[in-house]
Amino acid sequence: MTWSRGHTQSALAALLLALAGTWLVFNTEWVDVDVPPELRGPAKTDPLYTFKRFTEQLGVALATPDNLDRLPPPGATLVLSSWSWDLFPERAAALQHWVEAGGHLVLPTYEYYGPELAWTTIHSVPPPATKMPKPSPSASAPSADEDDDEDDGGHTDHDENAHKAAPPPPPRRNARPPRPMIVAPRTKPPACPGFVEPASVPPAFGVHRGYSSCSGSAGTLRSASAALWAVDSPRGHVMLRVAIGRGMVTAVNPRLPVFGTTLLENDEALLLSAALRLARGQQLWLVADEKRAPLIATLWSGGAPAILLGALALALALWRAGVRFGPRLAPAATARRSVAEQIRGTAAFIAHRGGRALHRAQLRALDTLARSRVPGYDALIVGERAAALAPLVGVDVHTLARAMNPTLNRHLPSALALLETVRRRLLLNPGNISGSQTSPNAPRAA
C-alpha cells in the first residue's frame, strides 16, 4: 500500500478533530439546570390565572371589574392596583366613605400613591440616603505589590498633594506582575430577606411567625393610628393595617403576588392571605386597570341617529361641491329645425300658453340681445328702448314702440314678426349706439 496525498489529508483532518475534541473535554462542563415548565392555555394569556385559581381553592368570591365606577358591597375587600383609579375627583371621597362604612381597602405598592389617600393616616417613608465613601488616592492609582497598597492606604490630604507633585517612582526590577481578578461563580442565589410579625400586633395565623419573600421594599410605612396588624423588615413596617371608622386599610410597600406565578414562590401565598384576610365566602374585588369603551363605540351607542344624519349631510355637501369631469348627460346633437317644425312648435306654444306669453318670450329674447348692444338698456322705458334700437336696425321708431308694447299693438303676428326682424338685424350689428343717441334720461355707461 502506497501512502498518497489523500491519506495525508485524512490524517491531518483526524488529528484536528482529535485536538478539537480534547479542547472541548477540558474546557467545558455539563451541569443540570432547572427549567420551569412552559405555561400553556389560560395560564399563558391571563396574568391573573394563578391568583384566580388560588382564591377559588380557598372559596373566595373574586370579582375583577374593569374600573372603579361602582364600589364593592359593604364588608368586602377591595384590592386597588389601578394607577388611574382617581380619574374622577369624587372617587377619593366615595372610597373613604366606603371604608368608613365597613369596607377593607388593600393598597399594594403604597409608596407610589399620592396625597389623595392622606385620610388613611398612613404615609410611606423612603429609605435614608447613603453617602458613598470618598475613594482614597491609592484606590485610583495601581500598586506594584501588597506592601505598597498598605502604605498608600494611610495617606492624608497633605500627603496626597505631595504625591501628586512628586514624579512617579521608576518600576522596580523585581516587581511582581498584578494578579488577575478571579470572579467566583454564583452557585446559589442569595436568600430572600425575612419579614416578621411584631409582637405588638395580633398575629394573622394564631402565632407570630416570620415570612420569606423576595418582594421587599427599602421604604417603610408609618401611621399615627394604632396598628391592627403589621409585618416588619429590619428597617420597619412593610405591611401595615389600621382602622378607619368601621373599616380598615391595609398598605403594602412591596408588590403583592397577584400577577404571574410569583404566588407559588417562598411564603408569598401566606403573606397574601394575611394581607387580604382571605376566608371562605369572602367577597374580594380586584381593580387592576381603568378600562373604558372606545370613543367611537361610546359615541355610536349614545348618538347613532345624529352621526348618520351628519354623515349624510357631509356626503351631500361633498357631492355638491365636487368637481365633475363632464356633464351628467351627453349633449344632444345640434341641428337646424325646419320651417314646419318651427310653425308646429310656435302653434303648440300659443295653444298651451296663449299669444301674450309668446309675445313676452319674443320681447325677452330681444331685450337679452339688446343689453349687449345698448349701454344702460335696463334703465330705459319701452319708448326709449325703441328710440335706441330703431337707428341700429333701420325701422320706424313708432312702429317698433307699438310692437314692443303689448297694450298698443292690435295685430299680434305682425308685432312678433317685427320683433324677430329687429332681433336678427341687431344680432348682425356688433356695434352699440353712443350715449348721444339714447334718451337724455338714460344713464350712461361707465
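Simple spin-label estimate for ASN405 and PHE349 gives 2.4 nm between the two label positions (7 Å along the Cα-to-Cβ direction from each Cα). When the alpha carbon coordinates of region 279-425 are projected onto the principal axes, the ranges are 118, 38, 30 Å, largest first. Cβ crowding within 10 Å ranks ASP34, ASP367, ASP396 as ASP34, ASP396, ASP367, fewest other Cβ atoms first. In terms of overall dimensions, the C-alpha atoms belonging to region 52-102 reach 37, 23, 13 Å along their principal axes, ordered largest to smallest. Distances between placed amide hydrogens fall under 5 Å for LEU228 paired with ARG241, VAL242, ALA243, all partners being 5 or more residues away or on another chain. Proximity of backbone amide H atoms, modeled 1.01 Å from N, is registered between LEU256 and THR109 at under 5 Å, excluding neighbours fewer than 5 places apart on the same chain.
With K and R counted +1 and D and E -1, the other residues having a Cβ less than 12 Å from that of LYS291 yield a net charge of -3.
Within the shell of other residues whose beta carbon sits under 15 angstrom from the beta carbon of VAL395, the net charge comes to +4, with Lys and Arg scored +1 and Asp and Glu -1.
Cβ-to-Cβ counts within 10 Å put GLU90, GLU341 in ascending order as GLU90, GLU341, the fewest first.
Summing Lys and Arg as +1 and Asp and Glu as -1 over all other residues whose Cβ lies under 12 Å from the Cβ of PHE259 gives a net charge of -1. For region 339-437, the convex hull drawn through the C-alpha positions has a volume of 101 cubic angstrom per residue. The phi torsions of region 231-246, fed into the Karplus equation with coefficients 6.51, -1.76 and 1.60 and a -60° offset, translate into couplings of 10, 10, 9, x, 8, x, 5, 10, 9, 8, 10, 10, 8, 10, x, 8 Hz, rounded to whole numbers, with Gly and Pro shown as x. Projected label points at LEU15 and VAL323, each 7 Å from Cα along the beta carbon direction, are separated by 8.4 nanometres. Applying 1/(1 + (r/R0)^6) with R0 = 56 Å to the Cβ-Cβ distance of TRP30 and SER84 gives a FRET efficiency near 0.65.
Summarising the amide proton neighbourhood of TYR211: residues at separation of 5 or more, or on other chains, whose placed amide H is nearer than 5 Å comprise PHE195, VAL196.
Ordering SER200, SER213 by the number of other Cβ atoms within 10 Å of each residue's own Cβ, fewest first, gives SER200, SER213.
A simple spin-label model places pseudo-atoms 7 Å from Cα toward Cβ; at ALA361 and ILE296 they are separated by 5.6 nm.
Where a number appears in this text, it was derived from the coordinates with a stated rule and is not lab data. Because the structure is predicted, anything quoted here is derived from the model rather than measured. A quick note on method: Cβ atoms are made from the backbone with ideal geometry, for glycine too, and the neighbour counts reach across all protein chains shown.
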